[in-house]
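Step one of this worksheet: look at the structure below.
The values are calculated or read from the model by the stated rules, or taken from the named source; none is laboratory data. The shown structure was predicted, so the numbers you read here are calculated from the model rather than taken from an experiment. Every residue, glycine among them, receives a Cβ derived from its backbone with ideal geometry; neighbour counts consider all protein chains shown. Ligands, DNA and RNA are excluded from the accessible area calculation, which covers all protein heavy atoms including side chains. Shrake-Rupley method; radii C 1.70, N 1.55, O 1.52, S 1.80 Å.
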Amino acid sequence: MVQSLKNYNTFGINATCKALIDITSIEQLHEVVQSLVSMGEKWIVLGGGSNILLRDNLDCTVLRIALKGIEILEESESQVFLRVSAGEEWHSFVEWCVQHDYSGIENLALIPGSVGAAPMQNIGAYGQEVRTVITNVHYYSLEESDDDLSLNDRVKSISNDECQFGYRDSIFKNELKGKSIILSVDFVLNKVHTINAGYKDVQEELVKHSIAQPTIQDVFNAVIAIRKRKLPDPKEIGNSGSFFKNPVITIEQYNSLLSQYPTLPKYQIDEATVKVPAGWLIEQAGFKGLRRGSAGVHKNQALVLVNYGDATGDEIYSLALEIQNTVLNNFGIMLEMEVNILPQL
Ligand SMILES: Cc1cc2nc3c(=O)[nH]c(=O)nc-3n(C[C@H](O)[C@H](O)[C@H](O)COP(=O)(O)OP(=O)(O)OC[C@H]3O[C@@H](n4cnc5c(N)ncnc54)[C@H](O)[C@@H]3O)c2cc1C
């Protein structure tokens, strides 16, 4: 029976799928996938639905990964090794780590979504990326089409190096896209803390509270306060966070743009390339705060496209294309979408 996905995507788009199945065990996943394959049915995998835009209805089944559990694999004086199931909520896991005094992901507080989706785009924020704490990713492999492969044959593990992590990127968005369902993620976290409070906004928030020697709890609290102030809450205004990636351009291109746009900000990547903030480009192109019906660009954060109520996925997608074209015409920079567009183009 057709099922609405309105409550399963943070954009709040009222698109449908053929069926929605909660996956609570690996055995169930194996059975469901085998049966869908044997019926020639298509499916996609969803976590919290906080990094997708449903452009249209989905002519397939949606598997919601609801595998739960946090397991301590090993511990030493200075480190702890954890295995966390894909369906655990990311922010609750971060909170759990801070409560247990394990450092390494406190700067990634309040990012919506699931643990299983975290390696997909190597989530990052406020000077931290998840790749620095992942040791292995375990996934259900759909690479071989042999229907008779047992569950054991289908469960594979890859190391951090093999994940090919990059800026909002990994092997799961490329070579293994559509061929892997992440089951669990192994993390190494630190009992001896290195505080990562160098990011300007975090520093300012700590100073505001007169905190000179921050703990991981202070950084966690600071990040939450900043995010609540700066980003729209999907419960109030539908959105999927940053819609575009910050583009990386050559120094030559940057220097030539600088003559026309002397205030163009940059973050140095290496000797040859710099990253420029997509939000700045979108704002300069005149889109910040723009509203077309219920689709719009957030008034405080030009990188976030929003659904003010009953926008369709296609309305938001059209606005995204218009932004892409205008930024390309104005700056010669093609913005890449960070959000996953479904159905896939
Ligand atoms: C308000 C807001 C703020 C945000 N801030 C940030 C930020 O600071 N940094 C950042 O990096 N991201 C941010 N995001 C984006 C988003 O939270 C992350 O990308 C998050 O990891 C998505 O998790 P999810 O479970 O919701 O994934 P979903 O949206 O459900 O899925 C995203 C993609 O991953 C695939 N997928 C999901 N689970 C699995 C699995 N188990 N196996 C295989 N494939 C899977 C889906 O098919 C889809 O292609 C933000 C989003 C919002 C709404």
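Report ³J(HN,Hα) in whole Hz for each residue of region 5-18, in order, from the Karplus equation J = 6.51 cos²θ - 1.76 cosθ + 1.60 where θ = phi - 60°; Gly and Pro get x.
9, 3, 8, 10, 9, 6, 6, x, 7, 8, 9, 10, 9, 6
How many Å³ per residue does the convex hull of the Cα positions in region 1-95 occupy?
110 Å³
Taking only protein heavy atoms into account and a 1.4 Å probe, give the accessible area per residue of the chain in Å².
Averaged over the residues of the chain, the accessible area is 48 Å².
Looking at region 302-345, which GluC sites (Glu not before Pro) are DSSP coil and have at most 15 other C-beta atoms within 10 Å of their C-beta?
Taking region 302-345 and a limit of 15 other Cβ atoms within 10 Å, the loop GluC sites (Glu not before Pro) found are 336.
Amide H of residue 16 versus every other amide H placed in the peptide plane: which residues, excluding those fewer than 5 positions away on the same chain, fall under 5 Å?
5, 57, 58
Could you look at region 97-254 and say what percent of its accessible area is carbon and sulfur, using a 1.4 Å probe and all protein chains?
48 percent
For residue 244, which sequence-distant residues (separation of 5 or more, or a different chain) have an amide H within less than 5 Å of its own amide H, given hydrogens modelled in the peptide plane?
Sorted by chain and number, the residues that satisfy this are 338.
Report in % the part of the accessible area of region 21-79 that belongs to carbon and sulfur, leaving out ligands and nucleic acids; probe 1.4 Å.
Carbon-and-sulfur percentage of accessible area, whole number: 45.
When the label point is put 7 Å from the Cα of residue 155 along its Cα-to-beta-carbon vector, which residues of region 18-57 have a backbone N closer than 12 Å?
Label zone hits: 25-30.
Starting at the first residue of region 112-129, write each ³J(HN,Hα) from the Karplus equation 6.51 cos²θ - 1.76 cosθ + 1.60 with θ = phi - 60°, in whole Hz, x for Gly and Pro.
Taking θ as phi minus 60°, the curve returns x, x, 9, 5, x, 8, 4, x, 3, 10, 6, 4, x, 5, 6, x, 9, 10 Hz for region 112-129.
Return the whole-Å distance between the Cα centroid of region 199-254 and the Cα centroid of region 1-44.
Comparing the Cα centres of region 199-254 and region 1-44, I get a distance of 33 Å.
Among the trypsin sites (Lys or Arg not before Pro) within region 45-82, which fall in a DSSP loop and have no more than 14 other Cβ atoms within 10 Å of their own Cβ?
Sites meeting the loop and neighbour criteria: 68.
Binned at 10 Å from 0, what are the whole-percent values of the Cα-Cα distance distribution for the chain, short to long?
All Cα pairs, binned at 10 Å, distribute as 5, 23, 32, 27, 12, 2, 0 percent.
Between residue 75 and residue 37, what is 0.36 nm times their sequence separation minus the Cα-Cα distance? Round to one decimal in nm.
9.6 nm
Taking only DSSP H segments of four or more residues, each worth -39500 (n - 2.57), what value at 222 nm results for the chain once the sum is divided by all its residues, to the nearest 500 deg cm²/dmol?
Per the formula, -7500 deg cm²/dmol.
Only sites in a loop by DSSP and with at most 15 other Cβ atoms within 10 Å count here; which trypsin sites (Lys or Arg not before Pro) in region 157-225 make the cut?
Listed in order of number, the matching sites are 177, 179, 191.
What is the packing order of peptides 103-112, 29-38, taking the mean over residues of other C-beta atoms within 10 Å and listing the highest first?
Going from most to least packed, we get 103-112, 29-38.
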